[in-house]
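Read through the structure below, which is laid out as structure tokens, and then see the notes.
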Amino acid sequence: RQRAPPRRLREHRVPASPPHRLAAMGEGDVEVVKGDAVLEAHAEAAAEAHAEAVEAAAADEAAEAAPEQQVAEQSAVAGEASAEEAAAVEVETISPPQTAPPQTAPPRPAGGEAGDGQQPHEGAGTFQYTTLLHACRSVLVVPDRESRDMALSTLQFMATHGDSKKRMWEDAEGARQVFVAAASFEGPEDEQARLYGLGALWNLAAEVSSRQAMWRDLATREAVVKAAKAESPVVRELALGVLWNLSPKAANAGFLWQDEAARSAILEAAKAEAPELQQARSFAVAALQNMAEEATNRPSMWQDDFGAQAALVEAAKLLEPGEKELRGRAVGALMNLAVDVGNKESMWSDEYGARQALIDAASLGVGVDDKSRSCALTALWCLAVEAANRVPMWADAEGTRSALLGAAAEPSNKEDTSEVTRRARERALGALQYLSTEEQNKEAMWQDEGTRRALIAAFETDPADRKSRGYALGTLWNLSACSTNKRSMWQDEELARAAMLLAIHGKEEGTGVELTDTELRESGTAMLWHLTTLDDNKCDICNDGGARAALLMATALEGAGCQQTRAYAFGALRNLADEAKNRASMWQDEAGTRAVVLQHAQGTDFSDLPTRRAFRVLCAWSYEPSIATMVWEDATARMVLLRAARVADGIDAETNLCALRAMQALSVDAGNKAPMWNDVDGTRAAVLEAVQRCSPEDTKARMCALCILKNLTTDAMLLEDMWNDMAVRSVLLAAAAAPGDDSDLTASRFRVIALAALRNIAGADVIKEFMWADELGCRAVVLAASQCGDHDNHELREAREHAMAALRHLAIVHTREGTFGPPLWKGNDAVLAAISAAAQIEGQEPCDRKSREHALASLRYAMM
């Protein structure tokens, strides 16, 4: 007997957060930093600079894209193709913040005045250069300080010319020796010469190719480091300027920090508070900023509580307008330290130190100290990469949250496109995107009016500001993963829905400006995929012309970088097809949805997500009774299902099982039964191949195939052909045989399904005598099942029900004269005993009641 139609397929797909590539800040900012994945994922990030920082931070996050979720499905029985629901699992991930290379050289020191009041000219020739060196050498030991200082002043000026720097440094026995000797003077009477020597070395250190050699030259290093500890503020200032020039990451950042003498000199100056030492302090902090760019320095620099950490935090807290430059460098150094994975949590935990300094700087108004603000916002972005920081950062409503939302919400109109505002907004939105990856933050962030206002502002800015729009959209993507947000986000036509559809479609009405690229489309499509996982949204989204058009457009994208977007679009279509109310309208959209799905479902590589998901949409459609006949009659749909139902290269077990379940659902439809049975080389061959598999992994596939055969036996016109097909008869009798172990539930279930099919076949008058005459086959399995007494095993009692129904069929024998003949089993004591026992069953479960009804009816026929 035919059972109810199959329950709807339900499977959710939730994407991962997108990997966003962040552009560098402009020259003059602090450093290049990237980190992270994932959300959170794996994260794929553009290694535009400082690849080592990317690798170090990438370990924090998860993998790049959510793997296709596996669905736990239960066995379909008695004509019902069903699947267990699987909860949506999200894997989120985004890229880390990135800033730009540091400013590597301080301003050039002014050349000293010549003793005679005349400035040397730029084109000084070789003769003049040699004469000056000779004068310097002679007066370094002879106390003619006026001539010496005049010559050193001129040589320092010559060292400002780009074509002279490298040549003068490589002149080891000439200019280099003179400059180092002058920089080594200590007496007050030689201070001017020392300043000229240090100024010349500062200028030579501006040559990038010379920096490593200058640090490795022991005499130069000792002279500069010693001068950095001098009592004279001017001497210390110039020496620290040299060290600043030598400190970039590409040169000597690691060596300077590891050198105890250099480190102590720089830290001492960085903590100086005397007014006359403020320039030296600024240079020292600038050097620390560069050293913090070196990844290997960051842990020890932050852990140096009373050294680097204290110096940088105190400088970052400065408030006077004249201290802006120093504060900017300190905040920039803290930003670099915030990149290190091991520093993030402890820096945030430093409530009244680094945290407060960064929040105060990030809260500055536009134009007050833009560099400090930008670096502080970037530092907060870096701290938000650490998952442990995200909840407390969002909870800090008056500090972190206020600073981020204030920067993200500026401006509120498209006319303000200043670089300062853009960069602040970009960094704030990047931090908010990270905070939105934390599950505990998602609902609160969406409910917060300030956050929504900031996200709206990102879409009201210059259309060319794709990064801000990308981070805002990424935040919405993450928030859309929260089940409590999904309904209200879809209903939010002005922000969430508008931003999502704008990103997918790619053009803003009335501007003609292209607003999207591959990443924005991917984010928008992923967000729509998230929203389709909510049951309450499925019908609304399916019926929304803009949403469906966006999905169809996304499925048609081609080219590099579009594969993931297409996969998300098909994931959304698949979720929509999970809703039974959508299936008919999706199928009837012949030129749109149906065409797209069938086109992609024909792919041969089911590891390709678009192909796989398009195939699953087709399978979901097969569960809709109102279109079941049309689905099977469609040549393309039928070809796709039959190909996947056969074991072959490229067809994985899950795909094969889905195809068989779809065919099981289609076999419930009365209009499909005859065409499916008559398709000898297609449907019948695929079903027989599946039902004869032997491996435990194929249990569900075998059960589906057996259910298809059972469903076909509900068509009375097919019964004789099905019994006469020896392959079909053999598999049914084999499955209906009693299992060797009654506790084997799988074998017992096969037995029940096969007996249900034999019971249906026994209803055909022309077959009854042949079935009963099959003493070792049909008669044996029916008799064995009829003798299953009261048992805790439900499967055995259901097998008895089907056996009793078959015996009831065999009791009704029509003669040629139109009368009833005696039951075929009349006189068989075993059958009579089984029927009598069943007639006395006291159980009230459906299968027990039906067994009793069939037994009593059989006895009535026997007495006629």
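The values are calculated or read from the model by the stated rules, or taken from the named source; none is laboratory data. The structure displayed is predicted, hence computed values, not measured ones. Note that we place each Cβ from the backbone using ideal geometry, even for glycine, and neighbour counts take in every protein chain shown. These area figures cover heavy atoms from the full protein model, side chains too; ligands, DNA and RNA do not enter into them. Shrake-Rupley method; radii C 1.70, N 1.55, O 1.52, S 1.80 Å.
Listed values, structure above:
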quantity: Neighbourhood charge, 12 Å Cβ-Cβ cut-off, centred on Leu380 and excluding it, Lys, Arg +1 and Asp, Glu -1; calculated: +3
quantity: Estimated vicinal HN-Hα couplings, Hz - region 661-673 in sequence order (Karplus 6.51, -1.76, 1.60; Gly, Pro = x); calculated: 5, 4, 5, 4, 5, 5, 6, 6, 6, 4, x, 9, 4
quantity: Amide H partners (placed H, <5 Å) of Gly821, local residues excluded; calculated: Val813, His814, Thr815
quantity: Most to least packed among 187-194, 429-436, 147-154 [average Cβ atoms within 10 Å]; calculated: 429-436, 147-154, 187-194
quantity: Two-site FRET efficiency, Ile651 against Phe306, from Cβ-Cβ distance with R₀ of 56 Å, rounded to 0.05; calculated: 0.25
quantity: Residue-normalised accessible area of region 449-594, given per residue in Å² at a 1.4 Å probe; calculated: 33 Å²
quantity: Accessible surface ranking that places the most exposed of Asp492, Asp848, Asp360, Asp792 first, with a 1.4 angstrom probe; calculated: Asp792, Asp360, Asp492, Asp848
quantity: Cα-projected label distance for Thr699 with Met863, points at 7 Å along beta-carbon direction, nm; calculated: 4.5 nm
quantity: Three-way shape call for region 752-864 based on the alpha-carbon gyration tensor, with the a/c threshold at 1.5; calculated: prolate
quantity: Accessible surface of region 665-801 [probe 1.4 Å, protein heavy atoms]: carbon and sulfur percent; calculated: 53 percent
quantity: Region 426-575 - percent of accessible surface contributed by carbon and sulfur, probe 1.4 Å; calculated: 47 percent
quantity: Karplus (6.51, -1.76, 1.60) ³J(HN,Hα), θ = phi - 60°, over region 150-162, in Hz, Gly and Pro reported as x; calculated: 5, 5, 5, 4, 5, 5, 4, 5, 4, 6, 7, 7, x
quantity: Cα-projected label distance for Tyr352 with Lys226, points at 7 Å along beta-carbon direction, nm; calculated: 4.3 nm
quantity: Ranked by how many other beta carbons lie within 10 Å on average, peptides 654-661, 369-376, 197-204 from highest; calculated: 197-204, 369-376, 654-661
quantity: Å² per residue, accessible surface of region 333-398 at 1.4 Å; calculated: 30 Å²
quantity: Probe 1.4 Å, accessible area per residue of region 689-783, Å²; calculated: 40 Å²
quantity: Heavy atoms of Asp544 accessible to a 1.4 Å probe, total area in Å² rounded to 10; calculated: 40 Å²
quantity: Part-to-part distance (alpha-carbon centres) for region 205-264 and region 615-629, which is given in Å; calculated: 74 Å
quantity: Inter-label distance for Asp765 and Val368, nm, one decimal - labels placed 7 Å from Cα along Cα-to-Cβ; calculated: 9.8 nm
quantity: Phi to ³J(HN,Hα) by Karplus 6.51 cos²θ - 1.76 cosθ + 1.60 over region 583-589, Hz, x for Gly, Pro; calculated: 4, 5, 5, 5, 5, 6, 7
quantity: Carbon and sulfur %, accessible surface of region 298-419 computed with the full protein complex present, 1.4 Å; calculated: 51 percent
quantity: Highest average packing first - 229-240, 596-607, 348-359, 572-583, Cβ atoms within 10 Å; calculated: 572-583, 229-240, 348-359, 596-607
quantity: Solution diffusion estimate, µm²/s, Stokes-Einstein, region 415-500, Kirkwood Rh from C-alpha pairs, 10 °C, viscosity 1.306 mPa s; calculated: 124 µm²/s
quantity: Between region 430-467 and region 560-609, the alpha-carbon center distance in angstrom; calculated: 30 Å
